[in-house]
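A.B. asks: Supplied in structure tokens, the structure appears directly below.
The values are calculated or read from the model by the stated rules, or taken from the named source; none is laboratory data. Quick caveat: nothing in here was measured; it's all calculated off a predicted structure. Glycine gets a Cβ as well: all are built from the backbone with ideal geometry, and neighbour counts include every protein chain shown.
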Amino acid sequence: MIICRYIPFLIIAIGFSTSASPAAAMDDPLRCASDIITLGDTMYEVRAACGQPFSTQIVGETKKYRILKKKRYRIESTAYLSEWIYESDDGIYVLTFEGSRVVEKEFIFQ
């Protein structure tokens, strides 16, 4: 039973490879003081908890249309996509806002 002897080492190796993946890093919470930033938080809440971001920029926009008979009828609303960047000791947090709400969080290791 040579295979049984190596199974614990294989399980440990798989555990280390999945814990260091970039996808796992994206789930890390952004903590500012005692607050945790979550999806759906507003720009006001983020700025009140974390302070002024290192960088802000508008990266695009989204438009919602009213559809009638399979054709775009008119623009219902337009929302800008903006990114706020916060630096920490471990890396960089990038928050993406649609309008004024957080829709995506990303952590980049340094």
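A.B. asks: If you take the residues of the range 33-54 that are in contact (Cβ under 8 Å) with a residue 40 or more places away in the chain and either in a strand (DSSP E or B) or of a type in the set (A, V, I, L, M) (or both), which of them is nearest to ARG101 (Cα to Cα)?
C.D. replies: Among those residues, the one meeting the criterion is THR42.
A.B. asks: Restricting to the range 64-91, and then to whatever is part of a strand (DSSP E or B) and of a type in the set (Asp, Glu), can you tell me which residue is nearest to GLY51 (Cα to Cα)?
C.D. replies: Among those residues, the one meeting the criterion is GLU87.
A.B. asks: Just for the range 55-66: of the residues that are touching a Phe, Trp or Tyr at 6+ places or on another chain (Cβ under 6 Å) and touching a residue at least 24 places away in the same chain (Cβ under 8 Å), which one is surrounded by the fewest Cβ atoms within 10 Å (Cβ to Cβ)?
C.D. replies: Only one residue tops the list, namely ILE58.
A.B. asks: Just checking, which of PRO29, PRO53, PRO8, PRO22 is modelled with pLDDT under 90 and touching a strand residue (DSSP E or B) at 6+ places or on another chain (Cβ under 6 Å)?
C.D. replies: Going through PRO29, PRO53, PRO8, PRO22 in turn, the sole match is PRO29.
A.B. asks: Please count how many residues of the range 31-44 are crowded, with 16+ Cβ neighbours inside 10 Å, out of contact with any Gly (no Cβ under 8 Å at 6 or more places or on another chain) and within 15 Å of ILE85 (Cα to Cα).
C.D. replies: Qualifying residue count for the region: 2.
A.B. asks: Continuing with the same structure: Cβ-Cβ distance below 6 Å, separation of 6 or more or different chains: which pairs start in the range 67-84 with a residue that is within 21 Å of LEU95 (Cβ to Cβ) and end on one that is among the aliphatic types (A, V, I, L, M)?
C.D. replies: Within 6 Å, the pairs are TYR80/ILE58; LEU81/VAL59; SER82/ILE58; GLU83/VAL59; GLU83/VAL94; TRP84/LEU95.
A.B. asks: If you scan the range 92-110, which residues turn out to be loosely packed, with under 14 Cβ neighbours inside 10 Å and part of a strand (DSSP E or B)? Please lay out each step first, then the result.
C.D. replies: At the first step, the residues of the range 92-110 found to be loosely packed, with under 14 Cβ neighbours inside 10 Å are 104, 108-110.
GLU104, ILE108, PHE109 - these are the residues of the range 92-110 that are loosely packed, with under 14 Cβ neighbours inside 10 Å and part of a strand (DSSP E or B).
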